[in-house]
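Here the structure comes first, spelled out in structure tokens, and everything after it is commentary.
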Amino acid sequence: MKQELEIRIVVIGNGMVGFKFCEKLLSKRKEGQNIALTVFGEEPRVAYDRVHLSELFAGKSADDLTLAKEEWYTDNGITLYLSDPVVDIDRDSKLVRSHHGHVVHYDYLVMATGSGAFVPTIPGVEKDGVFVYRTIEDLELIQTYARKAKRGAVIGGGLLGLEAAKALLDLGLQEAHVVEFASRLMPRQIDDAGSRMLQNQLESLGLHIHLSKNTQEIKGGDCIEGMQFADQSFLEVDMLVISAGIRPRDELAKIAGLETHPRGGIVVNNQLQTSDPFIFAIGECALAHHMIYGLIAPGYEMADVVATQITGGEKEFLPFDMSTKLKLIGTDVASFGDPFIEEPACTTVRYENKAKGIYKRINVSLDGKSLLGGILVGDAEQYNMLLQTCKNKTILPPDSEDLILGSRGGEETGAGVMSFPDDALICSCEAVTKGMICQEVNEKGHRNIEAIKKSCKAGTGCGGCIPMVKDIIAGTLKLNGVYIRNVVCEHFDYSRQELLDLVKMNGLKTYNTVLDTFGKGDGCETCKPLVASLLASLWNENILQKDRAPIQDSNDRFLANIQKGGTYSVVPRIPGGEITPEKLIVIGQVAQKYGMYTKITGGQRIDMFGAHLGDLPLIWEELIGAGFESGHAYGKSLRTVKSCVGSTWCRFGVQDSVSFAIEVENRYKGLRSPHKLKSAVSGCIRECAEAQSKDFGIIATEKGWNLYVCGNGGSKPQHAQLLATDVDKETCLRLIDRFLMFYIKTADPLTRTATWLNKMEGGLSYLKAVVVDDVLSIAAELESELQQLIDVYQCEWKEVVESPELRKRFSHFVNTPAKDPSVQFEEMREQKRAKEWV
Amino acid sequence: METETTVTWHVACQVSDIPEDGGGCALIDGKQIAIFNFARRGEWYATDNECPHRQQMAVARGMIGSQDGEPKVACPFHKKTFSLQTGHCLNDDAYQIKTFPVMVKENLVYIGI
Ligand SMILES: Cc1cc2nc3c(=O)[nH]c(=O)nc-3n(C[C@H](O)[C@H](O)[C@H](O)COP(=O)(O)OP(=O)(O)OC[C@H]3O[C@@H](n4cnc5c(N)ncnc54)[C@H](O)[C@@H]3O)c2cc1C
Ligand code: SF4
Ligand code: SF4
Ligand code: FES
């Protein structure tokens, strides 16, 4: 009885694909199906992650690469023989015999013997110091030998060769050379222009690249000493890695009389059956659709196809997409679809930026509607989007070049992915489609990438799909109306934007009225400053009056930045960075008097550190007396408008950038916003004020001013994008008014303009439509709202200095005027610094 | 806030010295005590002024609020949040601050130590 139901399966090869087959088979096994699984592996260890082999040189151990421990096989009833290659197949009796003499019967035999490195017949390859790059053992040998080597070379400038070359650098060799027979690098993935760009990048990192080089002989005694090329040149090296391609392991299949291809590979049909229907071949040993698929994703798909059929299902292996994306020594390289199709068969759009080492090419169908393929070097941020657009034949926008230009940096927006069909393959390593991810979210309630990884394995292979998976999770939740309502906190069930509208419509001006009307509980450190910022953005009343002082973030509460040790820093406004000698002297005197450390900031002003809380009003009283105002360095508000000297002094300047910067800074000073705002004005295209790294930046042109928006420095730099060209001052200010008010009204809390734009559906073109073209007809409203805020501006510090009631709060103790005795400083370069915290 | 154990009541300050729904620091017997006037709830609390995270004398400058109804204060430096009732740190079990009883009588705030 039991005999009848049991299917005996033997797998030859415990590599990546052989292992994946076992995994798939177990998960597809139906109830009542009794499977006896035997696996033979030639290597001494259980299957490991060959794709990440090079990480052995980056500190990973062989164990880290293991796909499943030996117990996994035992626990799942798999009989595993390691270091024991199969040496013979008796197809008539359906049994295999191993090197150690194990004889096992099979109903189905699965050959997953992979491939070996292809070693061309060059005289001298047998010398010591010549290696291949395929197994953990290979890498261990290379590592040992590299200790005494100085100059290394790799034959082969393909994907693997470049990876091996990087490994040589990582191993500390002084010189690493790549020798390629073809006239370009990665000849299967990228074109000549892409190769040139990649070559530049790699050379700048210290690799030596030799193209169109035919190695004739490997010279030396017992050990390699150099390479002789057909063009008579000679390269002195003391070690060599051969990575000139792969050679399918079909020798056993040949012995068994299975059909193989003259150039290597076990021939299989669409069911992946060999010429013997009871024997399948999968992975790198199989020749399907006339080719060897030398990548992991198609290998996994093959494992799935065979596992499905053996467990009673039906599935064919279809021609598989060979698109790839990888990072080579820090340089992104990707190719997808048909990267090489040329005009006139298509329209090709190319973008090249030598300074940044970026090359992009897309091939668009002649009717301009679909994407046929492309190449990305240096920046492959858009790879996933492009790949899916290509695979799903998504209709292209009219300006297809926007696909590779107009990179808005930062995150991809969610809208794009959600337009893909359900069967769009998102994770090609684990064959997970968009529909499957949506299902995980909808039916199993998984809401984050970790949960999705666990439940359906998406993103657990090469990891390239993770950003898209995240977008799909967010997009699906949004469709369900679950999330995206970024509610403020447990006290307010509204988003910042909703709350802003409500507070405005109801004319609320204190925190407690807002909490009583729209919230619950007693508030917290999240909603208090948020409401404080809303109130300030709406009414611009002094933030310390009414009940507002205790709801301000600690910096706003005392109108100064709290620093290590509990002292504060003082930053007076210096509009445009222009200051008179008299005012400079005052700053010096005040700093001296109150014992403060001084430093010039990146925003062209002066920061004084180490002020005691109780001294703040006194310090400001003196500064205000000398004509200074608060610099709002403590607030989520306009910081500085940096400027270069422009046409007043600079011989290149075309406009007076300083005067304009001062005007801009004075116009927007004190404006409260979701996050801090920075700006700059440059006097000409040389951009000395770095305006393009600011939330809004202005650059002088011969005819007027160019306005850039949504740039960012800080931890996630992003270039600002051009919003308007050659506009006059008045127009420029009007556009900034609209832009700022639109941002204040719609951005999430603590979101800089750059992130705000990245998340905006429609991106820059939408922003332009609203701000410049006024498609929403709100421009007039935005302008007048901003004007109101400007009209009520007052220097916050002046108000404090003049109000005894507010001044009283600036004391460390409520029961004594003493200063905090725990404050301590250390000496440093004739000034002081905060004591290091423990 | 009433308690039978032997505490000594110290006058800390006047009621108006502590802003409504905010805090202030009093120096009592050489010790820095943070005092909070939780006006929304009509409650007063007192704790250590020193935050155990980086030994900063700043708890009194923190923002108060509630978490699931439990009154709390967030240190302004790195937002470690402490229960005003128990002194237990609500977002990092490793930390704890002391709490003290408060008594308000005839416009004066007393702290029991
Ligand atoms: C350094 C390196 C980097 C790579 N990077 C990438 C990448 O970034 N992206 C990508 O998609 N792919 C990459 N690959 C390719 C990927 O690793 C292979 O496509 C994948 O390993 C193929 O799996 P496989 O199971 O078919 O072959 P293998 O993993 O080679 O497994 C075959 C196993 O069968 C064993 N075997 C052979 N004959 C017998 C026998 N007679 N009896 C028993 N056992 C036998 C072999 O010893 C071997 O262990 C890389 C490969 C290397 C070497
Ligand atoms: S940006 Fe132009 S005008 Fe300004 S300093 Fe540089 S070169 Fe001179
Ligand atoms: S970069 Fe970091 S350390 Fe420097 S000022 Fe900004 S927050 Fe402080
Ligand atoms: S010092 Fe209080 S949270 Fe770090």
Requested in this report: Work out the FRET efficiency for A:T74 and A:D276 from their Cβ-Cβ distance, taking R0 = 35 Å, and round it to the nearest 0.05.
Outcome: 0.70
Query raised in the report: Roughly to the nearest percent, how much of the accessible area of the range B:18-102 is carbon and sulfur, given a 1.4 Å probe?
Result: 40 percent
**Report entry** the range B:74-113, relative contact order in percent, only Cα pairs under 8 angstrom and at least six apart counted
**Finding:** 23 percent
**Report entry** Stretchable slack from A:E401 to A:D49, in nm (0.36 nm times residue separation minus alpha-carbon distance)
**Finding:** 123.0 nm
Report task. Report the extension gain between A:K546 and A:Q33 in nm, rounded to one decimal, defined as 0.36 nm multiplied by the number of residues separating them, less their alpha carbon distance. Result -> 177.2 nm
**Report entry** Peptide-level mean, for A:54-67, of C-beta atoms on other protein chains within 10 Å
**Finding:** 0
Report summary line: Length gained, A:T144-A:I600, 0.36 nm per residue minus C-alpha separation, equals 159.0 nm
Query raised in the report: For A:R184, what accessible area in Å² do you get when you roll a 1.4 Å probe over the heavy atoms of the protein chains, rounding to the nearest 10?
Result: 50 Å²
Query raised in the report: With all protein chains present and a 1.4 Å probe, how do A:S777, A:S370, A:S195 order by accessible area, largest first?
Result: A:S777, A:S370, A:S195
Query - Computed helical MRE - 222 nm, chain A, DSSP H runs ≥ 4 contributing -39500 (n - 2.57), nearest 500 - result: -9000 deg cm²/dmol
Report task. Return the loop-located trypsin sites (Lys or Arg not before Pro) in the range A:758-809 (DSSP other than H, G, I, E, B) with at most 14 other Cβ atoms within 10 Å of their own Cβ; answer none if there are none. Result -> A:K808
Query raised in the report: Once you charge only the Cβ atoms, +1 for Lys and Arg and -1 for Asp and Glu, what is the size of the charge dipole of the range A:496-552 about its Cα centre, to the nearest 20 debye?
Result: 80 debye
Query - Heavy atoms of A:K504: accessible area, 1.4 Å probe, square angstrom to 10 - result: 80 Å²
Query raised in the report: Percent of accessible area on chain A owned by carbon and sulfur, 1.4 Å probe?
Result: 50 percent
Query - Kirkwood hydrodynamic radius (C-alpha pairs) into Stokes-Einstein, the range A:496-552, 25 °C and 0.890 mPa s, D in µm²/s - result: 222 µm²/s
Report summary line: Cα-based Rg and Dmax for the range A:119-244, in Å, come out at 13.5, 40
Query raised in the report: Can you tell which of A:V130, A:N214, A:L162 lies farthest toward the positive end of the dipole of the range A:119-244, using +1 and -1 charges on the Cβ of basic and acidic side chains (Lys, Arg; Asp, Glu)?
Result: A:L162
Query raised in the report: How much of the DSSP beta bridge set in the protein assembly as shown is antiparallel, as a percent to the nearest 5?
Result: 70 percent
Requested in this report: Provide the FRET efficiency to the nearest 0.05 for the A:R263-A:S715 pair, computing r from the beta carbons and using R0 = 35 Å.
Outcome: 0.10
Requested in this report: Report, in debye and to the nearest 20, how large the dipole of chain B comes out about its Cα centre when Lys and Arg carry +1 and Asp and Glu carry -1 on their Cβ.
Outcome: 320 debye
Query raised in the report: Based on the Kirkwood radius over alpha-carbon pairs, what value in µm²/s does the Stokes-Einstein equation return for the translational diffusion coefficient of chain A at 25 °C and 0.890 mPa s?
Result: 77 µm²/s
Report task. Would you calculate the separation in nanometres between label points at A:K457 and A:N214, each defined as 7 Å from the Cα along the Cα-to-beta-carbon direction? Result -> 4.5 nm
**Report entry** Cut-off 20 Å (backbone N to label point 7 Å along Cα→Cβ of A:T725), residues of the range A:639-654
**Finding:** A:654
Requested in this report: At 1.4 Å probe size, with no ligands or nucleic acids counted, give the accessible surface of B:W44 in Å², nearest ten.
Outcome: 40 Å²
Query raised in the report: Under a 1.4 Å probe, what is the accessible area of the range A:54-205 per residue, stated in Å²?
Result: 47 Å²
Query raised in the report: For q = 0.11, 0.17, 0.21 Å⁻¹, what log10 I(q)/I(0) does the range A:55-165 give under the Debye formula with an equal point scatterer on each alpha carbon and no solvent?
Result: -0.58, -1.05, -1.23
Query raised in the report: Can you list the residues, at least 5 places off or on another chain, whose amide H is less than 5 Å from the amide H of B:A39, using H built in the peptide plane?
Result: B:D21, B:G22
Report summary line: For the range A:273-354, listing trypsin sites (Lys or Arg not before Pro) in a DSSP loop whose Cβ sees at most 13 other Cβ atoms within 10 Å gives A:K354
Query raised in the report: Short version: ³J(HN,Hα) in whole Hz for each residue of the range A:809-819, in order, from phi by Karplus 6.51 cos²θ - 1.76 cosθ + 1.60 (θ = phi - 60°), x for Gly and Pro, what are they?
Result: 6, 8, 8, 5, 9, 8, 10, 7, x, 4, 7
Report task. Please report the relative contact order for the range A:638-791, taking Cα pairs under 8 Å with a sequence separation of at least 6, and give it as a percent rounded to a whole number. Result -> 18 percent
Query raised in the report: Got a sec? What order do A:R752, A:R829, A:R91 fall in by accessible area at 1.4 Å, biggest, i.e. largest, first?
Result: A:R829, A:R91, A:R752
Report summary line: Between the modelled labels at A:E203 and A:V487 (7 Å from Cα along Cα→Cβ) the distance in nm is 6.0 nm
Query raised in the report: Dipole of the protein assembly as shown, Cα-centred, from +1 at each Lys and Arg C-beta and -1 at each Asp and Glu C-beta, to the nearest 20 debye?
Result: 1400 debye
Report summary line: iface B-A | buried accessible area, total | probe 1.4 Å | Å², round 100 | 3100 Å²
Report task. Would you pull out the residues with amide H under 5 Å of A:E225's amide H, same chain only if 5 or more places away, H placed 1.01 Å from N? Result -> A:K219, A:G220
Report summary line: For the range A:744-801 the GluC sites (Glu not before Pro) that pass both the DSSP coil test and the at-most-12 other-Cβ-within-10 Å test are A:E761
Requested in this report: Report the FRET efficiency, 1/(1 + (r/R0)^6), for A:E498 and A:M291, where r is their Cβ-Cβ distance and R0 is 56 Å, rounded to 0.05.
Outcome: 0.50
Query raised in the report: So for the pair B:L108, A:Q787, with labels modelled 7 Å out along Cα→Cβ, what separation do we get in nm?
Result: 5.8 nm
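The values are calculated or read from the model by the stated rules, or taken from the named source; none is laboratory data. Every value quoted in this text rests on a predicted model; they were computed, and no experiment measured them. No Cβ is skipped: glycine too gets one built from the backbone with ideal geometry, and neighbour counts run over all protein chains shown. Accessible surface areas use protein heavy atoms only, side chains included; no ligands, DNA or RNA. Shrake-Rupley method; radii C 1.70, N 1.55, O 1.52, S 1.80 Å.
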